[in-house]
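The values are calculated or read from the model by the stated rules, or taken from the named source; none is laboratory data. What you are looking at is a predicted structure, and each value in this text was computed from that prediction instead of being measured. Glycine also receives a Cβ, built like all others from the backbone with ideal geometry; neighbour counts cover every protein chain displayed.
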There are 2 protein chains.
Amino acid sequence: MESKPPLNIAVAGLGTVGAGTLQLLERQAERLALRAGRRIAVVAVSARDRARDRGADLGRMRWVDDATALAALPDVDVVVELIGGADGVGRGVVEAALAAGKHVVTANKALMAEHGTALAELAERRGVGLGFEAAVAGGIPIIKTLREGLAGNRVSRIYGILNGTTNYILTTMRETGRDFAEVLAEAQRLGYAEADPSFDIDGVDASHKLAILASVAFGRPVDLAGVYCEGIRHVSKLDIDFAEELGYRIKLLGIARVTDHGLEQRVHPCMVRHETPIAAVEGVFNGIVAEGDFVGQLMLEGRGAGAHPTASAVVADLVDIATGRLPAAFGVPAAALDPLPGAAMERHRGAYYIRLMVLDQPGVIADIAAALRDQQVSMESMIQRGRAPDEAVPIVLTTHDTVEAAMQQALAAIGRLSTVVEPPRMIRIEDL
Amino acid sequence: MESKPPLNIAVAGLGTVGAGTLQLLERQAERLALRAGRRIAVVAVSARDRARDRGADLGRMRWVDDATALAALPDVDVVVELIGGADGVGRGVVEAALAAGKHVVTANKALMAEHGTALAELAERRGVGLGFEAAVAGGIPIIKTLREGLAGNRVSRIYGILNGTTNYILTTMRETGRDFAEVLAEAQRLGYAEADPSFDIDGVDASHKLAILASVAFGRPVDLAGVYCEGIRHVSKLDIDFAEELGYRIKLLGIARVTDHGLEQRVHPCMVRHETPIAAVEGVFNGIVAEGDFVGQLMLEGRGAGAHPTASAVVADLVDIATGRLPAAFGVPAAALDPLPGAAMERHRGAYYIRLMVLDQPGVIADIAAALRDQQVSMESMIQRGRAPDEAVPIVLTTHDTVEAAMQQALAAIGRLSTVVEPPRMIRIEDL
């Protein structure tokens, strides 16, 4: 049964995910040998700090100071890149490994989002595998699901909660009634958010993941530049309360869908009906829904980050390689990726939630209504709670489906009204 | 790119799933050729009724009256068995095909639950693939997820809503406040339940699926006989109302978990906390949660039945075969399946919900409490709503964790009390 030689791997980067991967490979060695039909052996590693305890025995592994040099080791079959970063050393390691005819497994979402198509082409030319399950949604096997499990489907839309930090913040804001800044500070203390949180809370991380997912789901070259991106800094406690009242939850979603104008890719806070499955994905969990013409709606929910879940994804890719399962990186040969055009955000069509802080004076609502009418935006509901003559009070509006460009013009006009005392806040309502 | 010869398949059985499969293969032919690297061509079919419209062009397919004869066609690479039944023609077709060295794809859960291990051994001996994604949970790629996506994990528990008919009935009972018999009749009118519904509502269908899932999740020979099975006939409107009051939803779950006594496999109605993800899986949807030591909790939710979702699963298996991905049927070689012993249901340990109809007389609760105490069953809560002296009123109890055998003895003793006027109803509380 185990007559095949071991699959020899080299690991570049021994941070949390790297350490988790070594732990998994050590603890499950027997199980993996059975599942893969051969042993998976770590023969070399590279990291900055040699002294740190990784919770696994590094004794029999060669230590290589220059990660890129791992690609040149003749006995290495697979290079596992866990350094990160769209450019720099991580990219260098991956390119060198592929060029040397080594299989690559990576958790590097920035790299795949920026250079995924070129890397897939390179892997294909060299006849090697390029696995990146760990780059999207941690332990959730969404890449395999899209590429293989849903191979018989034309996907029309894929959307999901792709960033646990922002989902934790939004969930905690709703559950505790606290404000964004306070919850963010707590998330930083708990280690759920970075000291510089902008990568998460401004939607950059989710955009990387969405660009990769869209490529696999739609068989299209990765197009990070085509992702419209908006974070959660402007979501207030007030919006969360109004969302509840209207039957919605606010989630930072990444959404890619086929429209009449091409492929729409966007990351922004959304109002989603509270009874939809994605609304129930709370805290640090990730959840992804794929809509296929035969399968219907399929949702996967699980841990989108962390050393062990991410290691689970890295090792799944290794087992695929060990057993000779080497699907095209994005499901179809790179040359067959379809350059379906990207749809401009101005042409997005959907419903909107708008919150205004206005002076409580006669005629305010008439002015707002006129600004909407001038852009052919049709109101669906309006809430004004409480009265406080000549003070600022919130007004909330929802619209019927309308075009983004018209909505933006109407918001600009509303923002110029003298009775509107803060910039208008807008959150898109997603029909799921 | 398409230099490889087509993958030639023969389809045995053209009921709803067979027709859906032909439709998918026809409509997505180009997409599949790209994903599989070769065309997937249906060269022969067999079914009872030749005249029926299958919504796909059967013009160029050979019609074979005897399904078993498909296995003998020299130009056929894969036989797709969509006839069903643990024995009879479906089994004959699968065995003949494997023996003839053809790959097999089947949606036949009864067959896989009864004879899965032997079929896996046969496939292995002949070096062919045996795909049965469609046999469990329709369009949800749970077999692939367990076998490949979670290859790096030791699974400790897997559970799920594996039968859409019963989930529809339970959901509708809760939402409408109607009783079991009435909702079942409606489900039959709507085509969600069969004229003879026992296969679904007595948990037989879910047991088949659980036995298959447990085998893949735990790398153990399929053991249908080891599945404890209880259906939903006894779940009443009253129980659903009490569940809500206690913060639970009632779901028919299939659960397999590793215990100190071996592998527990059971299908029965469960009380699950209403905030758990599985509680939110409603209507005809299926949902499955796998708990792995590295991935943590992973949930998949989607359509567990129907022509098109099931066809999606059949075709995913065909694409795997077309690209040469032929994993061992249950994830590890048949000879390596671990005969982890099965745990007897009497040794199950968990909490319980008990509903009694008692005469509203002094001393009733003391008698019940004594019967529980005699078996060392510890009460967690008790509800008695309303008073109606000398009439029958419901009493609901929940217990702390206790052993099934003790619980059953206590229930028998309680049932013998003269003040208890109906057989006690018990629903297990599942800690998820």
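Given the options A:Ala316, A:Ala336, name the one that is within 14 Å of chain B (Cβ to nearest Cβ) and touching a Pro at 6+ places or on another chain (Cβ under 8 Å). Unique residue meeting the criteria: A:Ala316. Taken as a whole, the structure leaves B:Ala344 outside the set of residues that are within 24 Å of B:Leu246 (Cα to Cα), surrounded by 13 or more Cβ atoms within 10 Å (Cβ to Cβ) and aliphatic (A, V, I, L, M). All conditions but one from (1) more than 23 Å from B:Ala214 (Cβ to Cβ); (2) in contact with a Phe, Trp or Tyr (Cβ under 7 Å, 6 or more places away or on another chain); (3) assigned to a loop (DSSP other than H, G, I, E, B) apply to B:Val128; the one that does not is (2). Of B:Ala99, B:Ala151, all but one fail to be assigned by TED's automatic domain parsing to the domain that holds B:Ile255, small (Gly, Ala, Ser) and modelled with pLDDT of 95 or more; the exception is B:Ala151.
Here B:Ala366, B:Ala336 are screened, and the one residue that is over 17 Å from B:Cys270 (Cβ atoms) and over 31 Å from the mean Cα position of the chain (by Cα) is B:Ala366.
Look through B:Arg233, B:Arg154, B:Arg189 and report the one residue that is within 14 Å of chain A (Cβ to nearest Cβ) and among the basic types (Lys, Arg). Working first, answer last.
Values: B:Arg233 fails: within 14 Å of chain A (Cβ to nearest Cβ); B:Arg189 fails: within 14 Å of chain A (Cβ to nearest Cβ).
From the options B:Arg233, B:Arg154, B:Arg189, the qualifying one is B:Arg154.
Residues of the range B:351-378 that are surrounded by fewer than 20 Cβ atoms within 10 Å (Cβ to Cβ) and either under 19 Å from B:Val227 (Cα atoms) or β-branched (Val, Ile, Thr) (or both): B:Val364, B:Ile365. Scanning the range B:23-73 for residues that are in a loop (DSSP other than H, G, I, E, B) and not polar (S, T, N, Q) yields a total of 22. Residues in the range A:69-94 that are charged (D, E, K, R) and either surrounded by fewer than 23 Cβ atoms within 10 Å (Cβ to Cβ) or at positive phi (or both): A:Asp75, A:Asp77, A:Asp87, A:Arg91.
Among residues of the range B:167-192 that are farther than 19 Å from B:Val281 by Cα, those with a beta-carbon under 6 Å from a residue that is in a helix (DSSP H, G or I) and charged (D, E, K, R) at least six positions away or on a different chain give the pairs B:Asp179/B:Lys237. Of all residues in the range B:1-22, those satisfying the criterion of being part of a strand (DSSP E or B) and either within 12 Å of chain A (Cβ to nearest Cβ) or under 25 Å from A:Leu326 (Cα atoms) (or both) are B:Leu7, B:Asn8, B:Ile9.
Scan A:Ala69, A:Ala36, A:Ala107, A:Ala41 and give me the residue that is more than 13 Å from chain B (Cβ to nearest Cβ), touching a helix residue (DSSP H, G or I) at 6+ places or on another chain (Cβ under 6 Å) and either more than 23 Å from A:Val216 (Cβ to Cβ) or not basic (Lys, Arg) (or both). Before you say what the answer is, go through the steps one by one.
Details: A:Ala69 fails: touching a helix residue (DSSP H, G or I) at 6+ places or on another chain (Cβ under 6 Å); A:Ala36 fails: more than 13 Å from chain B (Cβ to nearest Cβ); A:Ala41 fails: touching a helix residue (DSSP H, G or I) at 6+ places or on another chain (Cβ under 6 Å).
A:Ala107 is the lone residue from the list that is more than 13 Å from chain B (Cβ to nearest Cβ), touching a helix residue (DSSP H, G or I) at 6+ places or on another chain (Cβ under 6 Å) and either more than 23 Å from A:Val216 (Cβ to Cβ) or not basic (Lys, Arg) (or both).
B:Gln376 satisfies every condition listed in (1) modelled with pLDDT under 95; (2) on the phi > 0 side of the Ramachandran plot except (1).
Taking the criterion of being charged (D, E, K, R) and under 14 Å from A:Ile201 (Cβ atoms), would at least one residue in the range A:244-253 satisfy it?
As a first pass, look at the range A:244-253 and keep what is charged (D, E, K, R): A:244-245, A:249, A:251.
Now restrict to residues that are under 14 Å from A:Ile201 (Cβ atoms): A:251.
Yes, the conditions are met somewhere in the range A:244-253.
Can you find even one residue in the range A:186-198 that is over 25 Å from A:Gly85 (Cα atoms) and assigned to a loop (DSSP other than H, G, I, E, B)? Scanning the range A:186-198 turns up no residue that is over 25 Å from A:Gly85 (Cα atoms) and assigned to a loop (DSSP other than H, G, I, E, B). Of the listed requirements (1) under 24 Å from B:Arg147 (Cβ atoms); (2) away from chain A (no Cβ under 14 Å), B:His348 misses just one: (1).
Would you tally the residues in the range A:1-33 being of a type in the set (Asp, Glu), in the same structural domain as A:Val76 (by TED's automatic domain parsing) and in contact with a helix residue (DSSP H, G or I) (Cβ under 8 Å, 6 or more places away or on another chain)? Spell out how you get there, then give the answer.
Step one: of the range A:1-33, the residues of a type in the set (Asp, Glu) are A:2, A:26, A:30.
This time we only want the ones that are in the same structural domain as A:Val76 (by TED's automatic domain parsing), so: A:26, A:30.
Those still in the list that are in contact with a helix residue (DSSP H, G or I) (Cβ under 8 Å, 6 or more places away or on another chain) too: none.
So the answer is 0.
Against the list (1) more than 20 Å from the chain's Cα centre (by Cα); (2) hydrophobic (A, V, I, L, M, F, W, C); (3) within 13 Å of chain B (Cβ to nearest Cβ), the condition A:Val128 fails is (3).
Right, A:Phe294: more than 8 Å from every other protein chain (Cβ to nearest Cβ), among the hydrophobic types (A, V, I, L, M, F, W, C) and surrounded by 24 or more Cβ atoms within 10 Å (Cβ to Cβ) or not? Steps first, answer last, please.
On the way: more than 8 Å from every other protein chain (Cβ to nearest Cβ): no; among the hydrophobic types (A, V, I, L, M, F, W, C): yes; surrounded by 24 or more Cβ atoms within 10 Å (Cβ to Cβ): yes.
Against the criterion (more than 8 Å from every other protein chain (Cβ to nearest Cβ), among the hydrophobic types (A, V, I, L, M, F, W, C) and surrounded by 24 or more Cβ atoms within 10 Å (Cβ to Cβ)), A:Phe294 does not qualify.
For the range A:341-378, a residue qualifies if it is in a strand (DSSP E or B) and of a type in the set (Lys, Arg), and the qualifying residues are A:Arg349, A:Arg355. Here A:Glu148 clears all of (1) within 12 Å of the chain's Cα centre (by Cα); (2) part of a helix (DSSP H, G or I) except the condition numbered (1). Taking the listed residues B:Arg154, B:Arg189, B:Arg174, the one that is surrounded by fewer than 24 Cβ atoms within 10 Å (Cβ to Cβ) and either closer than 30 Å to A:Arg39 by Cβ or of a type in the set (A, V, I, L, M, F, W, C) (or both) is B:Arg154, with no other qualifying. B:Asp223 falls short of the stated requirement of being surrounded by 22 or more Cβ atoms within 10 Å (Cβ to Cβ) and either over 30 Å from B:Leu337 (Cα atoms) or of a type in the set (D, E, K, R) (or both).
If you check A:Ile255, A:Ile278, A:Ile212, A:Ile288, which single one turns out to be closer than 23 Å to A:Gly152 by Cα, among the aliphatic types (A, V, I, L, M), within 11 Å of another protein chain (Cβ to nearest Cβ) and touching a residue at least 40 places away in the same chain (Cβ under 8 Å)? Break it down into steps so the answer makes sense when it comes.
Details: A:Ile255 fails: within 11 Å of another protein chain (Cβ to nearest Cβ); A:Ile278 fails: closer than 23 Å to A:Gly152 by Cα; A:Ile212 fails: within 11 Å of another protein chain (Cβ to nearest Cβ).
That would be A:Ile288, the only listed residue that is closer than 23 Å to A:Gly152 by Cα, among the aliphatic types (A, V, I, L, M), within 11 Å of another protein chain (Cβ to nearest Cβ) and touching a residue at least 40 places away in the same chain (Cβ under 8 Å).
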